[in-house]
Amino acid sequence: MKFEVISTNLEDIKADYLIIQFFEGAEVPEVVLTLPESIKEEIASPIRAGCFKAKLGQVLLVYPKSAGPVRCFLLLGLGSKQDFSLESLRQAHGYAALKVKEIGSKDMAVPIPNIPPYTASEITTSVVEAISLAFYKFNRYKSKAEDGKYPELIRLVVGSNTKNACDAAAREAAIVSEAVKLARDIANMPSNDIPPKRMAEIATEVGMASGFSTKVFDMEILERMGMRGIVSVGKGSSNPPVLIVMRYDGGGDTYAVVGKGVVFDSGGISIKPSEKMEEMKYDKSGAATVIALMKAVAELKLPVRLIGIVPAVENLPNGNALKPGDIIKFRNGKTAEIISTDAEGRLILADALAYASEMKPKAIIDLATLTGACVIALGTHASGLFSNNEELADKLIKAGERTGERLWRLPLWKEYFEQIKSDVADMKNVGGRPAGAITAAAFLMNFVDSNIPWAHIDIAGTAWTQESSPEKSYIPRGATGIGVRLLVEFLKSEIKRG
Ligand code: BES
Ligand code: ZN
Ligand code: ZN
């Protein structure tokens with residue numbers, strides 16, 4: 001799939017599909033006026049007849065009677081103008097893409113509408129991301145690929161005065177979308193095909209192709225580095241744990257991102273009930289996002305230094321596994337009593353965050369499918385945000401509003417730290433059921449240098465969509481790749497600020 005920005009009159013466009021966007025209740029958009037009289041009438045008549053009301057995501061196909069350069073006009077509803085946002089724009093264009101996918105097409109053309117106060121580049125970015133991501137399908141394990149009739153070429157039609165800006169926006173959005181798809185691929189992969197070692201190989205391969213370096217620490221080195229959190233969780237599986245450290249150097253400030261990479265979470269000795277246990281292959285979603293973010297940032301050549309840290313483990317019970325009651329010591333010297341081996345994410349992130357702190361970055365952000373409690377608190381409509389720094393939290397929330405990846409901040413008051421006090425160690429890894437998402441974040445905060453702005457993003461509710469949930473247009477069922485666009489947006493805003 002290729003995106004191309006052109007600036008031509010609509011009547012000169014030759015395509016299988018030409019999208020025409022409408023607002024609810026508004027008259028025929030300006031672009032239509034440039035089309036030949038007969039086609040104008042064919043487009044206007046279903047609107048007059050009340051068949052097309054331009055509700056958000058509504059699609060109506062109009063095949064002109066006489067053959068012309070456009071085989072089909074795809075009328076697309078943007079919903080009401082008052083409720084317009086980049087997210088509604090993405091949703092609408094995702095639905096247009098799904099329609100095209102259903103029928104199959106070689107190429108399509110999409111005019112970039114002028115919708116102040118948004119700039120043409122912002123509109124372009126959202127349109128490209130929505131279309132590209134809506135066409136995603138995890139096909140790797142199908143012996144016959146299902147629906148491969150994706151358009152090879154998607155032309156974006158822009159005004160000549162915005163051509164250069166839209167060109168750059170489309171190029172960048174295509175890079176970011178490919179990265180999101182990589183995140184989805186990694187998270188969707190079954191654990192039998194992506195043990196920790198394989199995840200490290202994937203990171204290495206992606207780094208070589210995209211321009212970042214990768215170092216992999218194996219179990220023996222981890223022992224020597226005092227990373228008993230990662231070792232203890234990983235030793236219950238015959239697929240040993242690794243720590244993956246990726247570095248991209250574009251000059252400028254250093255940021256560290258840490259992703260939970262549990263390739264499968266059975267719960268370990270505190271084993272989970274078997275219902276829906278298959279979903280625990282998604283427990284590596286934070287890691288998938290971090291690897292994909294490295295790819296995006298390197299390919300965009302952003303002027304930052306980015307360190308990606310992924311502790312990768314498989315949480316299984318065997319005769320060597322971590323047990324409740326065990327006490328372990330982490331990289332920063334602190335100790336924890338294990339109450340549940342199913343609260344494993346915080347144990348591997350503890351070492352990774354301590355390690356990240358040693359590099360003294362300007363900020364540390366971690367992403368993790370950390371707690372079921374976060375899903376109870378926020379459902380699937382927002383990721384949980386926890387931070388020791390107001391400014392960082394605000395910047396991330398703003399970035400999420402722009403990319404449609406909402407964050408909702410929860411507090412880290414000192415009372416929550418009381419909940420995870422232990423009689424026999426510095427802390428325990430579970431603080432009971434109340435505020436489970438917060439006590440998990442409080443546990444993590446013990447491993448971050450308090451002078452470094454840190455944010456923890458709990459993506460347990462947003463990293464994948466379930467079998468039962470309806471397909472959102474540009475987020476098909478399965479792994480969502482959450483956080484890639486969010487953190488690209490955040491880093492870009494940091495660069496602008498200078
Ligand atoms: N990976 C899970 C969290 C999870 C559960 C994410 C369901 C998405 C959906 C995590 O390792 C875990 O098992 N957490 C426990 C913690 C508990 C033992 C304190 C949980 O949330 O139940
Ligand atoms: Zn668990
Ligand atoms: Zn887990």
Check: Which residues, counting only those in the range 386-421, are touching a Leu at 6+ places or on another chain (Cβ under 9 Å), farther than 18 Å from T480 by Cα and buried (at least 21 other Cβ atoms within 10 Å of the Cβ)?
Finding: F386, S387, L396
Checklist line | Residue check, G251 free of Cβ contacts under 8 Å to residues at least 40 places away in the same chain, more than 13 Å from ligand 1 (Cβ to nearest atom), more than 18 Å from V176 (Cα to Cα) and surrounded by fewer than 24 Cβ atoms within 10 Å (Cβ to Cβ) | finding: no
Notebook entry, point to check: What is the number of the single condition among (1) out of contact with any Asp or Glu (no Cβ under 7 Å at 6 or more places or on another chain); (2) over 20 Å from L182 (Cβ atoms); (3) within 16 Å of ligand 2 (Cβ to nearest atom); (4) in contact (Cβ under 8 Å) with a residue 12 or more places away in the chain that K276 does not meet?
Noted result: (4)
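Residue-by-condition table, conditions (1) of a type outside the set (S, T, Y); (2) part of a helix (DSSP H, G or I):
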site: V5; (1), (2): yes, no
site: E11; (1), (2): yes, yes
site: K40; (1), (2): yes, yes
site: G57; (1), (2): yes, no
site: Q82; (1), (2): yes, no
site: Y95; (1), (2): no, yes
site: K99; (1), (2): yes, yes
site: A109; (1), (2): yes, no
Item checked: Inter-residue pairs, beta-carbon under 7 Å, first touching a residue at least 60 places away in the same chain (Cβ under 8 Å) and farther than 16 Å from A312 by Cβ and in the range 352-379, second within 16 Å of ligand 2 (Cβ to nearest atom) and assigned to a helix (DSSP H, G or I), 6+ apart -> T371/G436; T371/A437; T371/A440; A373/G436; A373/A437; C374/A437; A377/A437
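From A179, A200, A174, which residue is under 27 Å from A343 (Cβ atoms), modelled with pLDDT of 95 or more and within 20 Å of the chain's Cα centre (by Cα)? Reasoning before the result, please.
Values: A179 fails: under 27 Å from A343 (Cβ atoms); A174 fails: under 27 Å from A343 (Cβ atoms).
Being under 27 Å from A343 (Cβ atoms), modelled with pLDDT of 95 or more and within 20 Å of the chain's Cα centre (by Cα) holds for just one of A179, A200, A174, which is A200.
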Margin query: Suppose we filter the range 336-351 for residues that are more than 16 Å from ligand 2 (Cβ to nearest atom) and closer than 16 Å to E223 by Cα; how many remain?
Written below: 1
Margin query: Any residue at all in the range 292-309 that's within 20 Å of M199 (Cβ to Cβ), within 16 Å of ligand 2 (Cβ to nearest atom) and touching a residue at least 40 places away in the same chain (Cβ under 8 Å)?
Written below: no
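Listed here are the residues, each with its yes/no results for (1) under 20 Å from S383 (Cα atoms); (2) within 12 Å of ligand 1 (Cβ to nearest atom); (3) not in a helix (DSSP H, G or I).
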{"residue": "K284", "(1), (2), (3)": "yes, yes, no"}
{"residue": "A287", "(1), (2), (3)": "yes, no, no"}
{"residue": "V290", "(1), (2), (3)": "yes, no, no"}
{"residue": "V297", "(1), (2), (3)": "no, no, no"}
{"residue": "V313", "(1), (2), (3)": "no, yes, yes"}
{"residue": "K323", "(1), (2), (3)": "no, no, yes"}
Next item on the list: State the number of residues belonging to the range 348-360 that are surrounded by fewer than 20 Cβ atoms within 10 Å (Cβ to Cβ) and either of a type outside the set (D, E, K, R) or within 24 Å of the chain's Cα centre (by Cα) (or both).
Entry: 1
Notebook entry, point to check: When only residues in the range 200-238 that are in a loop (DSSP other than H, G, I, E, B) and among the hydroxyl-bearing types (S, T, Y) count, which is surrounded by the fewest Cβ atoms within 10 Å (Cβ to Cβ)?
Noted result: S238
Notebook entry, point to check: Assuming T119 fulfils every condition listed in (1) touching a helix residue (DSSP H, G or I) at 6+ places or on another chain (Cβ under 8 Å); (2) on the phi > 0 side of the Ramachandran plot apart from one, which condition is it?
Noted result: (2)
Item checked: Number of positions in the range 261-279 that are more than 23 Å from V245 (Cα to Cα), surrounded by 19 or more Cβ atoms within 10 Å (Cβ to Cβ) and among the aliphatic types (A, V, I, L, M) -> 1
Notebook entry, point to check: Can you name every residue in the range 68-80 that is under 27 Å from Y474 (Cα atoms) and part of a loop (DSSP other than H, G, I, E, B)?
Noted result: L78, G79, S80
Checklist line | Filter pass, A393 being farther than 24 Å from I475 by Cα, aliphatic (A, V, I, L, M) and more than 16 Å from ligand 2 (Cβ to nearest atom) | finding: yes
Next item on the list: Taking R331 as meeting all but one of (1) crowded, with 20+ Cβ neighbours inside 10 Å; (2) within 15 Å of ligand 2 (Cβ to nearest atom); (3) assigned to a loop (DSSP other than H, G, I, E, B), write down the number of the exception.
Entry: (2)
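Going through V206, V231, V242, V216 one at a time, which residue ends up being under 21 Å from K360 (Cα atoms) and away from ligand 2 (no atom under 16 Å from the Cβ)?
Of the residues listed, the single one that is under 21 Å from K360 (Cα atoms) and away from ligand 2 (no atom under 16 Å from the Cβ) is V216.
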Next item on the list: Would you check if there is a residue in the range 261-280 being in a helix (DSSP H, G or I), within 27 Å of I338 (Cβ to Cβ) and either within 20 Å of the chain's Cα centre (by Cα) or of a type in the set (F, W, Y) (or both)?
Entry: yes
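Take K65 and decide whether it is surrounded by fewer than 19 Cβ atoms within 10 Å (Cβ to Cβ), of a type outside the set (A, V, I, L, M, F, W, C), part of a loop (DSSP other than H, G, I, E, B) and touching a Phe, Trp or Tyr at 6+ places or on another chain (Cβ under 8 Å).
Details: surrounded by fewer than 19 Cβ atoms within 10 Å (Cβ to Cβ): yes; of a type outside the set (A, V, I, L, M, F, W, C): yes; part of a loop (DSSP other than H, G, I, E, B): yes; touching a Phe, Trp or Tyr at 6+ places or on another chain (Cβ under 8 Å): no.
No: the conditions fail for K65.
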Next item on the list: Check off (1) among the charged types (D, E, K, R); (2) part of a loop (DSSP other than H, G, I, E, B); (3) within 15 Å of ligand 3 (Cβ to nearest atom); (4) out of contact with any Lys or Arg (no Cβ under 8 Å at 6 or more places or on another chain) for R346 and give me the number that stays unchecked.
Entry: (2)
Margin query: Here's a check for you: in the range 361-383, which residue that is of a type in the set (G, A, S) and within 16 Å of ligand 2 (Cβ to nearest atom) is surrounded by the fewest Cβ atoms within 10 Å (Cβ to Cβ)?
Written below: G372
Check: Right, G345: crowded, with 24+ Cβ neighbours inside 10 Å and within 21 Å of the chain's Cα centre (by Cα) or not?
Finding: yes
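On the basis of being β-branched (V, I, T) and closer than 20 Å to V484 by Cα, does T341 make the cut?
No: the conditions fail for T341.
The values are calculated or read from the model by the stated rules, or taken from the named source; none is laboratory data. In this text, all values refer to a predicted model and were calculated from it rather than measured experimentally. Counting neighbours? That spans all protein chains shown, and the Cβs are built from the backbone with ideal geometry, glycine included.
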